[in-house]
1. Given the criteria closer than 15 Å to Arg94 by Cα, β-branched (Val, Ile, Thr) and part of a strand (DSSP E or B), does Thr33 qualify?
2. Before we move on, is Phe39 touching a strand residue (DSSP E or B) at 6+ places or on another chain (Cβ under 6 Å), within 16 Å of the ligand (Cβ to nearest atom) and part of a strand (DSSP E or B)?
3. How many residues are over 12 Å from Glu70 (Cβ atoms), away from the ligand (no atom under 13 Å from the Cβ) and surrounded by 13 or more Cβ atoms within 10 Å (Cβ to Cβ) if we restrict to the stretch 87-102?
4. Applying the selection to the stretch 55-71, what residues are within 16 Å of the ligand (Cβ to nearest atom) and among the hydrophobic types (A, V, I, L, M, F, W, C)?
5. Kindly evaluate Asp99 against the criterion of being of a type outside the set (Ser, Thr, Tyr) and over 12 Å from Val30 (Cα atoms).
6. Does the stretch 71-113 hold any residues that are at pLDDT 95 or above, farther than 13 Å from Val46 by Cα and small (Gly, Ala, Ser), and which are they?
7. Only one of (1) surrounded by fewer than 16 Cβ atoms within 10 Å (Cβ to Cβ); (2) away from the ligand (no atom under 15 Å from the Cβ); (3) in a strand (DSSP E or B) fails for Glu74. Which number is that?
8. Go through Thr84, Thr105 for me and flag whichever is in a loop (DSSP other than H, G, I, E, B) and loosely packed, with under 15 Cβ neighbours inside 10 Å.
Amino acid sequence: MNRAPVLPLLALATALAAAAPALADDAATVQITLKDHKFDPAESTVPAGKPIVIQLANQDATPAEFESKELRVEKVVAGGGAITVKVRALKPGRYRFFDDYHEATTEGFLVAQ
Ligand SMILES: [Cu+2]
């Protein structure tokens with residue numbers, strides 16, 4: 001009796017391992033640069049319904065905090081550094097993000113369609 005659950009768990013683990021690379025391949029990657037406290041591009045189009053991977057390169061000497069309430073992300077990037085931020089699959093729409101250290105001036109958008 002004790003060993004009965006093992007096989008289904010193994011099958012599940014195998015299925016998950018097989019699915020993981022497919023999910024990673026399925027994500028859409030977006031590259032954004034931060035320079036002079038501006039995001040470039042300020043607006044990126046991404047496919048709706050797919051996970052998004054944002055690669056942000058900070059070319060400023062000062063740190064920034066990449067944040068979006070709508071995307072539910074918040075991550076610090078060092079001056080001269082780079083970060084990768086994963087975002088869940090999005091419904092079509094326009095999603096705002098900003099540098100939380102310079103929110104009034106430094107913002108950008110992801111447009112999912
Ligand atoms: Cu913040």
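The values are calculated or read from the model by the stated rules, or taken from the named source; none is laboratory data. Being a predicted model, the structure only gives us computed values, none of them experimental. All Cβ positions, even for glycine, are placed from backbone atoms using ideal geometry, and neighbour counts span all protein chains on display.
1. Values: closer than 15 Å to Arg94 by Cα: no; β-branched (Val, Ile, Thr): yes; part of a strand (DSSP E or B): yes.
Spelling it out, it is not the case that Thr33 is closer than 15 Å to Arg94 by Cα, β-branched (Val, Ile, Thr) and part of a strand (DSSP E or B).
2. yes
3. Quick first cut of the stretch 87-102, residues over 12 Å from Glu70 (Cβ atoms) only: 89, 92, 99-102.
Applying the additional criterion that residues be away from the ligand (no atom under 13 Å from the Cβ) yields 89, 92.
Those still in the list that are surrounded by 13 or more Cβ atoms within 10 Å (Cβ to Cβ) too: 89.
Residues meeting the conditions: 1.
4. Across the stretch 55-71, the qualifying residues are Leu56, Ala64, Phe66, Leu71.
5. Details: of a type outside the set (Ser, Thr, Tyr): yes; over 12 Å from Val30 (Cα atoms): yes.
For Asp99, the condition - of a type outside the set (Ser, Thr, Tyr) and over 12 Å from Val30 (Cα atoms) - is met.
6. Selection gives Ala78, Gly79, Gly80, Gly81, Ala82, Gly108.
7. Of the numbered conditions (1) surrounded by fewer than 16 Cβ atoms within 10 Å (Cβ to Cβ); (2) away from the ligand (no atom under 15 Å from the Cβ); (3) in a strand (DSSP E or B), the odd one out for Glu74 is (2).
8. Numbers: Thr84 fails: in a loop (DSSP other than H, G, I, E, B).
Among Thr84, Thr105, only Thr105 is in a loop (DSSP other than H, G, I, E, B) and loosely packed, with under 15 Cβ neighbours inside 10 Å.
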